[in-house]
Amino acid sequence: MKTLNIPQTEQKRVVVVGGGFAGLTLVQKLRKSNYQVVLVDQNNFHLFKPLLYQVASAGLDESDIAFPFRRVFQTRRNVNFRLGRMLRVKPEENLLETSTGSVTYDYLVIATGCVPNFFGMDHIEQRSWPMSDIGDALRIRNSVLRNLEKAVIATSEEERNALLNIVIVGGGASGVEIAGALAEMRSYIVPRDYPGVNISSMHIYLVEGRDKLLATMSPETSSDCLKVLEKKGVNVMLNTAVKDYQDNRVIFGDGTSILSGNLIWTSGVKSEAVEGIGNSETERRGRILTDRYNRVQGFDNIFAIGDIAITDDPQYPAGYPQLARVAISQGERIAANLIAVSKGKPMEPYEYRSIGVLATVGRNRAFAEWGKFRIKGFMAWLAWCFVHILFLLGVQNKIKVFSGWVWNYFGKDLPVRLIIGCGVPCKDAK
């Protein structure tokens, strides 16, 4: 395998795989350090995933939530970006192999996040729309809008139902957010843009296998979220498992089914195996087990942070919440520890501190929890907006997103109702 072209220096080299919240924070904190930093990612941009659902529901353009790495680090000569996908690690050689070449390291940090978990259901994996990257969000937007166009000229009720019905699987934050956004699209956009479509024929279903929505939040918040979604016209199905998806029918565990050409999958994530490291065989998501210093167990110079890691912390046997703020704080801690090591000082263990949970279900409607403190409604929605704008990269992106929200709020409009490309025919409703 060829070697990646990286400038040779006297500096020790930190290789970071993955430019999500954890990896990007780490690189930013090391940009003025004495280390040479190499960031490897299969995309050339950082993606602000908490707003991915707004791209999928035509509220934001994809460029609003994606920021090129080379623009972030264009003035930092000790930071090198290389496009590529991690293939394997050879710890005995301090070598990382990627799809575009190999690179040696003094310290390796794995921050590649998670991928959708379809729990072995092949038909669902092949025909549903997950929501984990820009491509997924654009495919959801294309599918929903294209099926609305087809519904205008549909010749039978069964065909029209298949085109209009939307089934969302997963009642976590991503599921309730996309459900609320699509419900608002049905209420405000469809009657104006598609006068030939009767919105009473457009049903939105949110399916959750457990007995509550937003499982990481309080029962009171879960109940309030359910009421808000039902008021918006979302059909919430709790204690319901999806087993298959064939012939545009979503099939449930009890044998019943719903005709739908739009199946959106937000139910569960898992970690991809890292060859040479060994993911946990007992942890249900296959995450990499680390110590309290975020070091991969068995290695002194390999770390894992963010969604791909589970820390050996007795207080959190199921791992820390897979939230952006947790990933950011882990990136900050590793950066501080590496800088300390370069100065001959000891590292400090990572200490998780709860920073609250936020979820929104549309205009004026959100939920926020910090321990026992809870707010909902308009004030929670303002808090949600502030936090997301705060952590979004780039002044231009902040302005574009904020102005888009203002336009949507007052005009009840979605500014990006574009069908881009021809899509994937096998996933269109016939």
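The values are calculated or read from the model by the stated rules, or taken from the named source; none is laboratory data. A quick note: this is a predicted structure, and the numbers were derived from the prediction, not measured. Here the Cβ positions follow ideal geometry from the backbone for every residue, glycine too, while neighbour counts run over all protein chains shown. For accessibility, only protein heavy atoms count, side chains too; no ligands or nucleic acids. Shrake-Rupley method; radii C 1.70, N 1.55, O 1.52, S 1.80 Å.
Within the bounds of the range 297-318, is there any residue that is in a helix (DSSP H, G or I), touching a helix residue (DSSP H, G or I) at 6+ places or on another chain (Cβ under 6 Å) and surrounded by fewer than 21 Cβ atoms within 10 Å (Cβ to Cβ)? No, there is no match, as no residue in the range 297-318 is in a helix (DSSP H, G or I), touching a helix residue (DSSP H, G or I) at 6+ places or on another chain (Cβ under 6 Å) and surrounded by fewer than 21 Cβ atoms within 10 Å (Cβ to Cβ). Looking only at residues in the range 321-344 that are touching a strand residue (DSSP E or B) at 6+ places or on another chain (Cβ under 9 Å) and open to solvent by 20 Å² or more (accessible area, probe 1.4 Å), which one is farthest from residue 20 (Cα to Cα)? Of everything passing the filter in the range 321-344, 341 is farthest from residue 20 (Cα to Cα).
Which one is nearest to residue 257 (Cα to Cα), of the residues in the range 132-151 that are of a type in the set (Asp, Glu) and open to solvent by 30 Å² or more (accessible area, probe 1.4 Å)? The selected residue is 149. Looking only at residues in the range 242-290 that are among the charged types (D, E, K, R) and in a loop (DSSP other than H, G, I, E, B), which one is modelled with the lowest pLDDT? Applying the filter and picking the extreme gives 281.
Screening residue 262 against (1) more than 25 Å from the chain's Cα centre (by Cα); (2) in contact (Cβ under 8 Å) with a residue 40 or more places away in the chain leaves a single unmet condition, (1). Within the range 355-379, the set of residues being free of Cβ contacts under 8 Å to residues at least 24 places away in the same chain, among the hydrophobic types (A, V, I, L, M, F, W, C) and within 26 Å of residue 25 (Cα to Cα) comprises 368, 370. For the range 152-161, check the following and say yes or no: at least one residue is open to solvent by 50 Å² or more (accessible area, probe 1.4 Å), modelled with pLDDT of 95 or more and on the phi < 0 side of the Ramachandran plot. Scanning the range 152-161 turns up no residue that is open to solvent by 50 Å² or more (accessible area, probe 1.4 Å), modelled with pLDDT of 95 or more and on the phi < 0 side of the Ramachandran plot.
A quick yes/no check of all residues on (1) part of a helix (DSSP H, G or I); (2) open to solvent by less than 10 Å² (accessible area, probe 1.4 Å); (3) touching a Phe, Trp or Tyr at 6+ places or on another chain (Cβ under 7 Å):
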{"position": "37", "(1), (2), (3)": "no, yes, no"}
{"position": "43", "(1), (2), (3)": "no, no, no"}
{"position": "50", "(1), (2), (3)": "yes, no, no"}
{"position": "58", "(1), (2), (3)": "no, yes, no"}
{"position": "89", "(1), (2), (3)": "no, yes, no"}
{"position": "96", "(1), (2), (3)": "no, yes, yes"}
{"position": "120", "(1), (2), (3)": "no, no, no"}
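Look at the range 318-331: where a residue is over 18 Å from residue 295 (Cα atoms) and a partner is open to solvent by 10 Å² or more (accessible area, probe 1.4 Å) and of a type in the set (A, V, I, L, M), sitting 6+ places away or on another chain with Cβ atoms under 7 Å, you get 325/355.
Based on what the data block shows, is residue 32 within 16 Å of the chain's Cα centre (by Cα) and either among the β-branched types (Val, Ile, Thr) or open to solvent by 60 Å² or more (accessible area, probe 1.4 Å) (or both)? Taking the combined requirement at face value, the residue does not satisfy it. Does the range 172-180 contain at least one residue that is outside any helix (DSSP H, G or I) and in contact with a Ser or Thr (Cβ under 8 Å, 6 or more places away or on another chain)? Yes, that holds for at least one residue.
Return the pair list, or none, for Cβ contacts closer than 9 Å from residues in the range 184-197 that are free of Cβ contacts under 8 Å to residues at least 24 places away in the same chain to residues that are surrounded by fewer than 17 Cβ atoms within 10 Å (Cβ to Cβ) and not aliphatic (A, V, I, L, M), at least 6 apart or on different chains. From the range 184-197, the pairs are 192/413.
Restricted to the range 204-248, and to residues there that are crowded, with 17+ Cβ neighbours inside 10 Å and charged (D, E, K, R), the residue that is nearest to residue 123 (Cα to Cα) is 208.
Is there a residue in the range 103-111 that is under 24 Å from residue 48 (Cα atoms), in contact (Cβ under 8 Å) with a residue 40 or more places away in the chain and outside any strand (DSSP E or B)? Working first, answer last.
Going through the range 103-111, the residues under 24 Å from residue 48 (Cα atoms) turn out to be 108-111.
Those still in the list that are in contact (Cβ under 8 Å) with a residue 40 or more places away in the chain too: 108-111.
Remaining after also requiring outside any strand (DSSP E or B): 111.
The answer is yes, given that some residue of the range 103-111 is under 24 Å from residue 48 (Cα atoms), in contact (Cβ under 8 Å) with a residue 40 or more places away in the chain and outside any strand (DSSP E or B).
What about residue 49, is it closer than 24 Å to residue 110 by Cβ and out of contact with any helix residue (DSSP H, G or I) (no Cβ under 8 Å at 6 or more places or on another chain)? Answer is no for this residue. Criterion applied to 37, 27, 14, 72 was being more than 28 Å from residue 396 (Cβ to Cβ) and touching a residue at least 12 places away in the same chain (Cβ under 8 Å), and the one residue passing it is 14.
Applying the criterion of being out of contact with any strand residue (DSSP E or B) (no Cβ under 6 Å at 6 or more places or on another chain) and open to solvent by less than 60 Å² (accessible area, probe 1.4 Å) to the residues of the range 182-195, the residue that is farthest from residue 407 (Cα to Cα) is 194. Residues satisfying the criterion are present in the range 357-377 (criterion: farther than 20 Å from residue 216 by Cα, of a type in the set (S, T, N, Q) and open to solvent by less than 90 Å² (accessible area, probe 1.4 Å)). For beta carbons closer than 7 Å, sequence separation of 6+ or different chains, a first residue in the range 211-236 that is over 15 Å from residue 266 (Cβ atoms) and a second that is polar (S, T, N, Q) and surrounded by 19 or more Cβ atoms within 10 Å (Cβ to Cβ), the qualifying pairs are 212/222.
Residues that are more than 9 Å from residue 306 (Cβ to Cβ) and open to solvent by 20 Å² or more (accessible area, probe 1.4 Å) within the range 14-29 comprise 28, 29, listed in sequence order.
Scan the range 23-33 and give yes if some residue there is within 26 Å of residue 132 (Cβ to Cβ), assigned to a strand (DSSP E or B) and in contact with a Gly (Cβ under 6 Å, 6 or more places away or on another chain), otherwise no. Even if it seems obvious, please write down each step before you answer.
Here is the first cut: in the range 23-33, the residues within 26 Å of residue 132 (Cβ to Cβ) are 23-29.
This time we only want the ones that are assigned to a strand (DSSP E or B), so: none.
No - not one qualifying residue is present in the range 23-33.
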